[in-house]
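J.: Structure in structure tokens, see below.
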């Protein structure tokens, strides 16, 4: 049974500021390729971190609303962990 999820992904866009939309769409395609069905992508913009995490002062926040099987979440996490632009990722049920 598919469930509704929200994925909060923080992108490291250092050197890719002009390609942010392509990065966002690429991550959406990765979610779909691992069994997720995208409903909405919401770009929340660049925000500063409270402290420099891994020598990065800020990141581009994107919220993905999608439905997927629970076992697909682990596949999505592992696929996106290989993407250099993904700094942080967190998923929760909606």
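J.: Could you run through the stretch 1-20 and say how many residues are at pLDDT 95 or above, more than 11 Å from the chain's Cα centre (by Cα) and either within 18 Å of residue 46 (Cβ to Cβ) or surrounded by 14 or more Cβ atoms within 10 Å (Cβ to Cβ) (or both)?
T.: 1
J.: Right, next: Can you give me the number of residues within the stretch 47-72 that are part of a strand (DSSP E or B) and without any contact (Cβ under 8 Å) to a residue 12 or more places away in the chain?
T.: To start, the set of residues in the stretch 47-72 that are part of a strand (DSSP E or B) comprises 47-53, 56-68.
With the extra rule that they be without any contact (Cβ under 8 Å) to a residue 12 or more places away in the chain, the set shrinks to 48-52, 57.
Qualifying residue count, the stretch 47-72: 6.
J.: Just to be sure, is residue 90 part of a strand (DSSP E or B), crowded, with 16+ Cβ neighbours inside 10 Å and in contact (Cβ under 8 Å) with a residue 40 or more places away in the chain?
T.: Spelling it out, it is not the case that residue 90 is part of a strand (DSSP E or B), crowded, with 16+ Cβ neighbours inside 10 Å and in contact (Cβ under 8 Å) with a residue 40 or more places away in the chain.
J.: What residue, of 38, 23, 44, is modelled with pLDDT under 95, surrounded by 11 or more Cβ atoms within 10 Å (Cβ to Cβ), in contact with a strand residue (DSSP E or B) (Cβ under 9 Å, 6 or more places away or on another chain) and not in a loop (DSSP other than H, G, I, E, B)?
T.: 23
J.: Would you pick out the residues in the stretch 55-66 that are closer than 16 Å to residue 9 by Cα and out of contact with any helix residue (DSSP H, G or I) (no Cβ under 9 Å at 6 or more places or on another chain)? I'd like the intermediate steps shown before the answer.
T.: So in the stretch 55-66, the residues closer than 16 Å to residue 9 by Cα come out as 56-66.
56, 57, 58, 59, 61, 63, 65, listed by residue number.
J.: Another one. For the stretch 79-87, indicate whether the set of residues that are touching a strand residue (DSSP E or B) at 6+ places or on another chain (Cβ under 8 Å), farther than 13 Å from residue 27 by Cα and outside any helix (DSSP H, G or I) is non-empty.
T.: No; the residues of the stretch 79-87 include none that is touching a strand residue (DSSP E or B) at 6+ places or on another chain (Cβ under 8 Å), farther than 13 Å from residue 27 by Cα and outside any helix (DSSP H, G or I).
The values are calculated or read from the model by the stated rules, or taken from the named source; none is laboratory data. Because the structure is a prediction, the values reported are computed rather than measured. So basically every Cβ, Gly included, is an ideal-geometry build from the backbone, and we count neighbours across all protein chains shown.
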